[in-house]
Amino acid sequence: MGYVLTEVSDGVARLTLNDPEKRNAVNKAMNEEIAAAFDKFESDPSVGAVVVTGAGKGFCSGADLSDLDHASQTDTASVTLLYDGFLRVAHSPLATVAAVNGAAVGAGMNMVLACDIAVAGRQWARFDSRFLQIGLHPGGGHTWRLRHITGRTTTMAMVLFGEVLRADDAQRVGLVWDVVDDDALLDRAHELAARAAGQPKDLVARTKATILSLDDVTGSDQAVAHEVGPQLWSLNQPIFRELLAKLRSRTSSGH
């Protein structure tokens with residue numbers, strides 16, 4: 001059985017977590033397949049963005065309990081192996097969109113948080129931290145990512161107080177970008193991903209890296225300096241040079 005399904009169209013790769021009987025719970029084999037899929041996507045010049053979704057009625061129900069049990073009996077390295085899948089997504093230079101078609105629970109929420117943006121199905125999407133409710137401390141950078149994306153109060157409400165968010169509330173607090181009817185979810189996610197995929201791959205990667213490193217910027221002068229190197233690089237790339245050539249051609253011809 002393949003724990004991950006992949007397809008590519010219009011420069012957009014779709015990665016589907018594929019263990020619907022377990023609501024796509026993350027296990028070691030799935031993590032390995034996620035990593036292999038992203039290795040392939042990133043080396044393929046035709047792929048500029050990735051949509052991550054789940055098979056069946058769930059997005060991802062968290063980590064497989066048998067893997068959690070094994071990790072509890074070993075060491076730190078075994079625990080961190082459970083994070084490999086969503087961290088591979090989080091660290092990818094490609095633009096990523098989570099198409100949340102059902103419950104995203106625990107490590108499943110980590111997969112959502114790992115993506116650049118998320119789109120949620122109005123009826124079935126649900127966001128549930130649930131670590132404390134099963135006696136676990138959050139892991140994999142869950143609290144850091146959630147607070148970074150939504151803020152302190154939402155993180156406290158979801159993690160400490162067990163608040164579960166439906167799609168509209170998730171959008172209200174900034175956890176998801178858009179909420180659509182469930183049957184339009186994949187089309188909307190693909191539409192967004194295709195916009196990024198339509199730009200030069202290196203330019204998207206550099207711009208994404210700039211955005212993700214903004215936490216270290218504390219003032220206007222530093223922000224300008226932070227962007228000037230990548231912008232100078234982009235000034236000499238083909239897409240911008242071609243635009244300038246077209247403008248010069250129009251000017252010289254009097255149009």
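Below is a table of values for the structure above.
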item	result
Values of log10 I(q)/I(0), in the order q = 0.09 Å⁻¹, for the chain under a Debye, Cα-only, solvent-free model	-0.43
Ranked Ser129, Ser253, criterion: other C-beta atoms within 10 Å, fewest first	Ser253, Ser129
Distance histogram for region 170-255 (every C-alpha pair counted, 10 angstrom bins, percent rounded to whole numbers)	13, 27, 30, 22, 7, 0
For region 78-114 versus region 44-62, the gap between their alpha-carbon centres in whole angstrom	10
Cα-based Rg of region 213-253 normalised by 2.2 N^0.38 Å, two decimals	1.69
Mean separation of Cα contacts under 8 Å, 6 or more apart, over the residue count of region 1-72: relative contact order %	40
Most mobile listed residue (Ala37, Ala223, Ala118) in the chain, GNM with C-alpha springs under 10 Å	Ala223
Rounded to 10°, Cα long-axis angle of helix 238-253 versus longest principal axis of the chain	30
Separation of alpha-carbon centers, region 220-251 and region 194-216, rounded to whole Å	15
Likely footprinting exposure, Ile34, Ile149, Ile239, fewest C-beta neighbours within 10 Å first	Ile239, Ile149, Ile34
Ascending count of other beta-carbon atoms within 10 Å, so fewest first, for Val180, Val26	Val180, Val26
Over the chain, relative contact order from alpha-carbon pairs under 8 Å, at least 6 apart, %	18
Environment charge of Ala184, counting only residues whose C-beta is closer than 14 Å and scoring Lys/Arg +1, Asp/Glu -1	-4
Prolate/oblate/rounded label for region 130-174 (Cα gyration tensor, a/c 1.5)	oblate
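Every number here is computed from the coordinates shown, using simple stated rules; none is lab data. Values in this document were obtained by computation on a predicted structure and should not be read as measured data. Cβ: placed from backbone, ideal geometry, glycine included. Neighbour counts: every protein chain shown.
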